[in-house]
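The block underneath contains the structure these notes are about, expressed in structure tokens.
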Amino acid sequence: MANKTKAWKDRRRIAKMITTVENALPGHEKVLQDIYKKTGNAYIIGITGPPGAGKSSLTDALARAYIDMGKRVGVIAIDPTSPFSGGSILGDRIRMNELSTHPQMFIRSMGTRGQLGGLSAATHSAVMVLDACGADILFIETVGVGQSEVEIVKLADTVLMVMVPGLGDDIQTMKAGIMEIGDVFAVNKSDLPGADRTKLELKAMLSFLPPKEWRPPVCLVSATEKEGLEELMEAIDEHRTFQAEHGRLEQRRMRNAQEALLAILRDKMVERVTKDPRYEHLIEQIAEKEIDPYEAARQLMD
Amino acid sequence: MEKPIRVLVAKPGLDGHDRGAKVIARALRDAGMEVIYTGLRQTPEQIVAAAIQEDVEVVAVSILSGAHATLLPKIRDLLNEEGAQDMLFVAGGVIPDEDITFLKEKGIAAVFTPGTATTEVVSFIQENVKK
């Protein structure tokens, strides 16, 4: 415990470690190997939802509440990278500026950088760094559209889907496919007209899902007015307890472990095979239809 | 994929004019950089905490309030205290020529005044970030 308090205080070291693992810089394997056994303490909350729903403001409000309870809180805020320039503007800190100097808080912004599958690996690595360095609660905040974001959210123990009134009819919600990934729903900006109706519609749609043991609750909140936060935190706690009682956290850990191993195996395999002296020649042979790609792969694997 | 240059764009001080900061943020993004934009009315402590946590190579601030002679050296000193002497620190805004020499002595690498082309800011950063 004392070690984690010390690790958490060294901001620059944490930040440098995240840079190393996020970019797979030289030494990243060593970093991940060194911290791996220290991970597993943090409870990970994924926050997602459409742009403008108030995800950052809600993350800020929840982070404050956990900080008041004495928790160390980490936030990984993900914004899209431009597919044209490869650059990005990461603006989630705007809603969290007051907390940025708080000793119990660590915020890190990440761009999606358009790597297929790579983003969830980079996010997972950053999560492990903050976890190992002492975070009790970790938020992963992402825009809730697109496959890669859904992948990231799967890293979370609880997925909080943030909605707002007035986004359109219920078909919009259904086609986005977002009903399936939320464990807890928050209707933010509850002071806006239509909030009650949005809540009812969400509840109705959730009731169409195949019956499961966990039925996601829908909470009305206002992040800026600090209303409904206690109920929302209770709902997150209930989901946490439910998962612990039903062995779900264990299942998720096993699945994450499996995926981590498979990802490394894939990388190593590709690295080894592409260095094989026969590799280039086999590609030519495949292109010339002298050999089929399955046979070529078999030869390289032998 | 090569690691993009990460830049923190912030506005210290009390003026509410962030057009310049936003134009710069967009220009840096279009040049392929990752810009962490923190918005208006940042204290030096907030800017430095963000720069450290985000592990940026560059801190770029826009200041129009006239408080540059106090705030900018304060930010540089706080960065150095945190062990971030290697972070490039640049500023833009309405800053009189006679103050620029003083600011450069205090470790502000470049001061961009109104009328500077965004391409100039982009190339200065690209050339001066330590690889």
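Nothing in this text is a laboratory measurement; each read-out follows from the coordinates by a stated rule. What you see is a predicted model; the values in this text were computed from it and never measured. Neighbour counts are summed over all protein chains in view; Cβ atoms, including those assigned to glycine, are modelled from backbone coordinates with ideal geometry.
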Q | Exercise: per-residue mean of other protein chain Cβ atoms within 10 Å, A:81-87 | A | 6
Q: For peptide B:47-59, compute the average count of partner chain beta-carbon atoms within 10 Å of each residue's beta-carbon.
A: 6
Q. Averaged across the residues of B:32-45, what count of C-beta atoms belonging to other chains lies within 10 Å of each residue's C-beta?
A. 6
Q) With charges set only on the Cβ (+1 for Lys and Arg, -1 for Asp and Glu), what does the dipole of segment A:157-246 come to about its Cα centre, in debye to the nearest 20? A) 320
Q | Normalised per residue, the volume of the convex hull around the Cα set of chain A (Å³) | A | 177
Q: Would you mind telling me the antiparallel percentage of the DSSP bridges in chain A, rounded to 5?
A: 5
Q: Summarise the long-distance tail of P(r) for segment B:6-128 by giving the % of C-alpha pairs beyond 19 Å.
A: 39
Q.
Applying a 10 Å radius around every beta-carbon, put B:66-75, A:7-16, B:24-33 in order of their mean neighbour count, most first.
A. B:24-33, B:66-75, A:7-16
Q) So for the pair B:Asn80, B:Glu127, with labels modelled 7 Å out along Cα→Cβ, what separation do we get in nm? A) 2.5
**Q.** Exposure proxy ranking, count of Cβ atoms within 10 Å, fewest first, for A:Cys219, A:Cys133
**A.** A:Cys219, A:Cys133
Q.
As an exercise, find the ratio Rg/Rh for segment A:157-246 from alpha-carbon atoms, using the Kirkwood inverse-distance average for Rh.
A. 0.96
**Q.** Between segment A:79-116 and segment A:226-302, the Cα center-to-center distance that results, in Å
**A.** 25
Q: For a quick protection proxy, order the peptides A:29-41, A:183-195, A:226-238 by their average other-Cβ count within 10 Å, most packed first.
A: A:183-195, A:226-238, A:29-41
Q: Rounding to the nearest 20 debye, state how big the charge dipole of segment B:6-128 is about its Cα centre with +1 on each Lys and Arg Cβ and -1 on each Asp and Glu Cβ.
A: 400
(Q) As an exercise, use a Förster radius of 56 Å and the Cβ-Cβ distance of A:Leu206 and B:Ala69 to find the FRET efficiency, rounded to the nearest 0.05. (A) 0.45
Q: Would you mind ranking A:Phe84, A:Phe139 by Cβ crowding within 10 Å, fewest neighbours first?
A: A:Phe84, A:Phe139
Q) Rounded to the nearest 500 deg cm²/dmol, what is the calculated helix-only ellipticity per residue at 222 nm for chain B, with -39500 (n - 2.57) per DSSP H run of length n ≥ 4? A) -13500 deg cm²/dmol
Q) What residue among B:Phe89, B:Phe112, B:Phe102 has the largest mean-square fluctuation in a Gaussian network model of chain B, using Cα springs under 10 Å? A) B:Phe102
Q. Is it possible to state the helix-based mean residue ellipticity at 222 nm for chain A, with each DSSP H run of 4+ residues giving -39500 (n - 2.57), the sum divided by total residues, to the nearest 500 deg cm²/dmol? What is it?
A. -15000 deg cm²/dmol
**Q.** Under 23 Å from A:Lys4, Cα to Cα: lysines that are on another chain or at least 8 residues apart
**A.** A:Lys16, A:Lys30, A:Lys37, A:Lys38, A:Lys71
Q. What is the fewest-to-most order of B:Val61, A:Val143, B:Val23 by other Cβ atoms lying within 10 Å of their Cβ?
A. B:Val23, A:Val143, B:Val61
Q. For chain B, modelled as a GNM with alpha-carbon contacts under 10 angstrom, which of B:Glu57, B:Glu34, B:Glu105 fluctuates the most?
A. B:Glu105
Q. With chain A treated as a Gaussian network of Cα nodes joined by springs under 10 Å, which of A:Pro277, A:Pro211, A:Pro51 yields the largest mean-square fluctuation?
A. A:Pro277
